[in-house]
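For reference, the structure discussed in these notes is given below.
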């Protein structure tokens, strides 16, 4: 068997050294009534050539982004992943290592995480970052738990413009962790930071906004909301799109205490929703409430610079039930992808990806409005996602467009029943003018 | 050697009483068990504590330990020097490494604490 | 680690030269507008973020050199207990890299992702068969996330029966992984610890004393973290179930029992598996992993949504699950990690998985036989897939387990898990896995015996180790006292 090295001769020698006659004896501690007397009922084993063929045909039953024109976003984005990213991630010194417990033989992973933390701090304008979390949704949850811990309060005020997928996950945690979740309503179909002011009171641990929000809008008033939250003793949490932070003012400059969110857009493939990474950065005063792994620089016995996992006393393997969080891993490889991606792009490259996405989104928006049957959706400035109203059933339109090789736009009624005729478009730098014009032509014919 | 003028707990805190004020710290034995202290999470002055409450946290690289209130009362002072110099807990646990001052509500609780001799017998048994 | 990189690798920010880039975009092909006309002027960044400016080759070289500072399964033996550092078949990576899987948007129409839905559906079925459970969710992203999800399911179950207010305690053995009590506390339970007996099993008498109408669940790892099979598991299950509690299985050590015994048959009601341990998905330097959760029929209605169901020949998501606890993670879990596990199970088949457990246990017992005379063995029993030695004998000589672990690094071998479980003094937890050859195990035995000898003859050699690596022992105290968590130039 390819993955098991022991030959029958090896096994015989090893059994002799142990002092038993056969392998079955090694399992004697398992009560006989529990030992399986049949083989597991699984598909017959497939040798690699057959297996690959079968899995390729399974993959072929999916339509990948490369075979279609993608206008879906909503938190998972079709940005270009440079070739270098895959090659670095494919180095098995990275992907077959474990959590860097033994620092001296894990300097590669540790330094990469330190560089990642630095980039996240620089993007968000905040003081400290952890080594990454499971994904954007759970990063928002962890930010909330930091805030409830820091304030010893249990009410959380959330903008309706926060990604509904994140809100759903947050709702589950709030339910089981006995936190009170208050979602701001859409005022005239539009979320706004101002509208949250009245919901913040002395019981509020945190206020959460998204930047740009789920509808792509860049809401005004985050700074004012920070003032309101701070005046009541609450923290402001901001789920920000890291690509947008190449152009937009960082959350740290807007009074935000914890920035967090989905890092997939930074060099990670869409992967049907995972694995991706959640990022989280905060002001220094909340450092010891930060969940997950943190890497710090230090020196070795000879004074040479090196890196270690640090502030571990917060963590479960030491604190057990008193730990800051139960998280004991990070998405190291996805964070590595983000680090390589940002290293390749640099500040100009990131700004370019952001700007191309913005320009193309605005071009498409203007072209779409030429179509009879499409009218403006939610108002205000937007980034690379926007809403429009369609004179058609959005779900039917969603299905019809598949026939034209188009994925999206997303029907918003799935998450906001009151927005029954709105759809959400996303345009990344990957979309060409030709593809945008094609979409406009197809939609013109369908509506 | 543990100072004779102090009282001790089984959780390795010491108490120095002067009037209604009780200065609290952790013992030399405790700091040695913890190793290099890297951070002390201090309470806020004004906080009320009941005997047995955990009111501070001492972190070393590989361990973390709660500090329990040996007596009930109000925390009136904390040792802010520990913020920047947590190593004081290692270098001078009985003086510069003090953690907080509690204004006692019921000094009779002191009777339940150990003398230095009792404490030394206790850690030998442990 | 073939490069003896004495100079270290500078942070990539230090390699930055203004104007360099490792990236190019096609020219913008749509009419462009001034950014200040389309974005709010007061929200535009004044200064670009500080990011490295490095050429493509510069980036490749930087990260290649970093990779060479790592130990990994592909570069050497990695007997890290409870982490199951087995070989990660390359074919799994190839499959996960196929565009038809890796370039799927999670919200694309169901008719355009039937292959992916089939993978989810079938993997859940395979895991049910392997573990003896009735239903699975792939949503949790890691083992600890699976634990939390499982505890939410347990709470939902007690809520439905009107007992959530009284069933507030979760019992955890003193040998448990730290995540168990941390997850239970996070889910709002009070953690009650139960001691182990002299055979390393749960102390049954002590268990009886703490079980009662307030018990929500008992969390157990089996084989436990000592690498020992919990012999009284059936009695334990009976005690907990009779009191109305549920039994949670921490699947960290499931590698030992694949095809041999099943948690579902032992009486467990909720379990999590670690696909990155047992099912050969790589650990990624700390993640991504995947922590699917399986349940018995009575708990199935509470599983996270959506679930994938099969109608005739097609698959779809079902969101209509009124009793579901909701979502615990975005979308459907770490899909590509699940895909690697799916590929692995398809390649191994039933006989292959059983051979995994047999050889994992054989390898561990072989190492134990070769090492037990050189170190203390606190629980002298036959082990399963891993075992725990104590360095107490060496400590008497001034050599800590940490010193021995660091010395092992000089041999090109990763250290075992150390100082865990907490109930063993100076613990070394060793898990060889089934994929290592006898030759590798013998090399490890030689290294460990030499270290035992060195501990007696030249303790300073161990106290100074490692000496052959890019860095020597690092000052963790300084790192924690004055945290330097980002490059400031």
* Asked: If only Cα atoms are counted, what is the Rg of segment C:243-336, and what is its Dmax, in Å?
  -> 15.0, 44
* Along Cα→Cβ, 7 Å out, is where each label goes; now give me the distance between the ones at residue C:460 and residue C:25 in nm to one decimal. => 6.1 nm
* **Calculated P(r) of segment B:7-125 - Cα pairs past 18 Å, %** => 45 percent
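Taking each residue of C:344-355 in turn, how many C-beta atoms of other protein chains fall within 10 Å of its C-beta, and what is the average?
Partner-chain Cβ atoms within 10 Å, mean over residues of C:344-355: 6.
Taking beta carbons within 10 Å but only from partner chains, what does the mean come to for residues C:464-473?
So the per-residue partner count for this stretch is 5.
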* Structure fact -> Given all pairs of distinct Cα atoms, the protein assembly as shown yields a Kirkwood Rh in Å of 30.0 Å
* **Rg in Å to one decimal, and Dmax rounded to a whole Å, for segment A:1-158 via C-alpha atoms** => 24.9, 66
* Please list B:57-69, A:286-298 highest first by mean number of surrounding beta-carbon atoms within 10 Å per residue. => A:286-298, B:57-69
* To do: Between the alpha-carbon centers of segment C:455-489 and segment A:410-426, tell me the distance in whole angstrom.
  => 55 Å
* Structure fact -> Highest mean packing first, using Cβ neighbours within 10 angstrom, the peptides C:142-152, A:96-106, C:38-48 sort as C:142-152, A:96-106, C:38-48
* In nm, spacing of pseudo-spin labels at residue B:123 and residue C:425 (7 Å Cα→C-beta vector) -> 1.8 nm
* To do: Compute the relative contact order of chain A as a whole-number percentage, counting only Cα pairs closer than 8 Å that sit 6 or more residues apart in sequence.
  => 19 percent
* Normalised contact order of chain C, rounded percent, pairs of Cα under 8 Å and 6 or more residues apart -> 19 percent
* Structure fact -> Within segment B:48-66, the residues whose backbone N lies under 13 Å from a label point placed 7 Å from the Cα of residue C:193 along the Cα-to-Cβ direction are B:64-66
* Asked: Stokes-Einstein at 37 °C, 0.692 mPa s, Kirkwood radius from Cα pairs: D for segment A:83-341 in µm² s⁻¹?
  -> 177 µm²/s
* Asked: Based on the Cα coordinates of chain C, what is the per residue volume of their convex hull in Å³?
  -> 204 Å³
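Once R0 is set to 35 Å, what does the formula 1/(1 + (r/R0)^6) return for the Cβ-Cβ distance between residue B:92 and residue C:174, expressed as a FRET efficiency to the nearest 0.05?
Taking R0 as 35 Å, the efficiency between residue B:92 and residue C:174 is 0.50.
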* Asked: If you wrap a convex hull around the C-alpha atoms of segment B:69-126 and split its volume per residue, what is the figure in Å³?
  -> 105 Å³
* Which value in deg cm²/dmol, rounded to the nearest 500, describes the helix-derived mean residue ellipticity at 222 nm for the protein assembly as shown, given -39,500 (n - 2.57) per DSSP H run of n ≥ 4 and division by the residue count? -> -10000 deg cm²/dmol
* Asked: Regarding segment C:331-472, what whole-number volume in Å³ per residue does the convex hull of its Cα atoms give?
  -> 155 Å³
* Asked: What distance in nm separates the simple spin-label points at residue A:17 and residue C:467, each placed 7 Å from Cα in the Cβ direction?
  -> 2.8 nm
* Under the Kirkwood approximation for Rh and a Cα-based Rg, what ratio Rg/Rh is obtained for chain A? -> 1.04
* Taking the Cα atoms of segment C:382-448, report the difference between the largest and smallest coordinate on each principal axis, in whole Å and largest first. => 33, 27, 16
* Asked: What are the radius of gyration and Dmax of segment C:169-242, computed over its Cα atoms and given in Å?
  -> 11.4, 32
* Asked: Which of rounded, prolate, oblate describes segment C:28-115, given a ≥ b ≥ c as roots of the alpha-carbon gyration tensor eigenvalues and a/c under 1.5 marking rounded, otherwise prolate only if a/b is larger than b/c?
  -> oblate
* Structure fact -> Against the 2.2 N^0.38 Å rule of thumb, the C-alpha Rg of segment C:21-69 sits at a ratio of 1.75
* To do: Tally the DSSP beta bridges in chain A and give the antiparallel ones as a percent, rounded to 5.
  => 55 percent
* What average number of partner chain Cβ atoms lie no more than 10 Å from the Cβ of the residues making up A:123-132? -> 2
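Applying a 10 Å radius around every beta-carbon, put B:20-31, C:278-289 in order of their mean neighbour count, most first.
Highest mean packing first, the order is C:278-289, B:20-31.
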* To do: Can you tell me how much longer the chain between residue A:283 and residue A:437 gets when fully stretched, taken as 0.36 nm per residue apart minus their C-alpha distance, in nm with one decimal?
  => 51.0 nm
* Asked: Taking only Cα atoms, what is the 0 to 90° angle, nearest 10, from helix A:8-18's long axis to the longest principal axis of chain A?
  -> 70 degrees
* **Percent antiparallel among DSSP beta bridges (both partners in the protein assembly as shown, rounded to 5)** => 70 percent
* Asked: Just how many % of Cα pairs in segment A:1-91 lie over 18 Å apart, if you round to the nearest whole percent?
  -> 76 percent
* Asked: Taking the Cα centre of each part, how many Å lie between segment A:232-303 and segment B:1-60?
  -> 36 Å
* **Spatial separation of Cα centroids for segment A:65-115 and segment C:52-83, in angstrom** => 12 Å
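No value in this document is a laboratory result; all are computed from the given coordinates. It should be emphasised that the depicted structure is a prediction, and the values quoted were computed from it without experimental measurement. All Cβ positions, even for glycine, are placed from backbone atoms using ideal geometry, and neighbour counts span all protein chains on display.
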